[in-house]
Amino acid sequence: MSEETLFTKIINGDIPADVLFEDEQCICIKDIHPQAPTHVLVIPRKPIPRLSDASEADKALLGHLMLQVGEIARKLGVDDAFRVVINNGESAGQTVFHLHLHILGNKTFDEGSLGMH
Ligand code: AMP
């Protein structure tokens, strides 16, 4: 059996986290090292390692995550302007190999800049 990811441990309650929202398919937690005044992670319960590992079978789940991003941004009051980041692979900055979407808000990003900082 493959090793549980950090996020699976959080989902299972084995590691504490600041859980803001959850439903049957995903959870939303505060990022432990925020890169913006609002920085949360939307994490599917299913441990897909990277976005590029998702398959046709994950189509509905991926759609659900995107809709949740909008819903969560509204709940956090940042829906007017926020950035969504998915790091895919080590060189792209991915450190936890369990798909997650970063929502960054309450920050003005430089026009044309794609980094999280
Ligand atoms: P990434 O670099 O895209 O894989 O993002 C992983 C994110 O998880 C980083 O922004 C980390 O700050 C965050 N992170 C790591 N450990 C925890 C934790 N225990 N609770 C909440 N966020 C975490």
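For the reader, a short list of remarks on this structure follows.
- Think of each Lys and Arg Cβ as +1 and each Asp and Glu Cβ as -1; about the Cα centre, that makes the dipole of region 64-117 roughly 160 debye.
- Set of lysines with alpha-carbon distance to Lys107 below 29 Å, sequence-local pairs under 8 removed: Lys30, Lys75
- Orientation-averaged projected area, Cα convex hull of the chain (nm²): 7.8 nm²
- Sites Leu6 and Glu111, calculated FRET efficiency, Cβ-Cβ separation with R0 30 Å, nearest 0.05: 0.35
- In this Cβ point-charge picture (+1 for Lys and Arg, -1 for Asp and Glu), region 6-105 has a dipole of about 100 debye about its Cα centre.
- For peptides 4-10, 104-110, sequence by mean Cβ density within 10 Å, most packed first: 4-10, 104-110
- Atom-type composition of the exposed protein surface of the chain places 52 percent of the accessible area on carbon and sulfur (1.4 angstrom probe).
- The candidates Ser55, Ser113, arranged from most to least accessible area with a 1.4 Å probe in the full protein assembly, appear as Ser55, Ser113.
- GNM on the chain, alpha-carbon springs under 10 angstrom: the most fluctuating residue among His98, His33, His64 is His33.
- Contour minus Cα-Cα distance for Glu56 and Glu24 (0.36 nm per residue): 9.6 nm
- Other residues within the sphere of radius under 14 Å centred on the Cβ of Phe97, judged by their own Cβ, net out at -1 (K and R +1, D and E -1).
- Surface per residue (accessible, 1.4 Å probe) for the chain, Å²: 60 Å²
- Value at 222 nm in deg cm²/dmol, rounded to 500, when DSSP H runs of n ≥ 4 in the chain each add -39,500 (n - 2.57): -6500 deg cm²/dmol
The values are calculated or read from the model by the stated rules, or taken from the named source; none is laboratory data. Just so we're clear, the structure is a prediction, and the values are computed from it rather than from any experiment. When we count neighbours, we look across all protein chains shown, and the Cβ atoms used for this are built from the backbone with ideal geometry, even at glycine. These area figures cover heavy atoms from the full protein model, side chains too; ligands, DNA and RNA do not enter into them. Shrake-Rupley method; radii C 1.70, N 1.55, O 1.52, S 1.80 Å.
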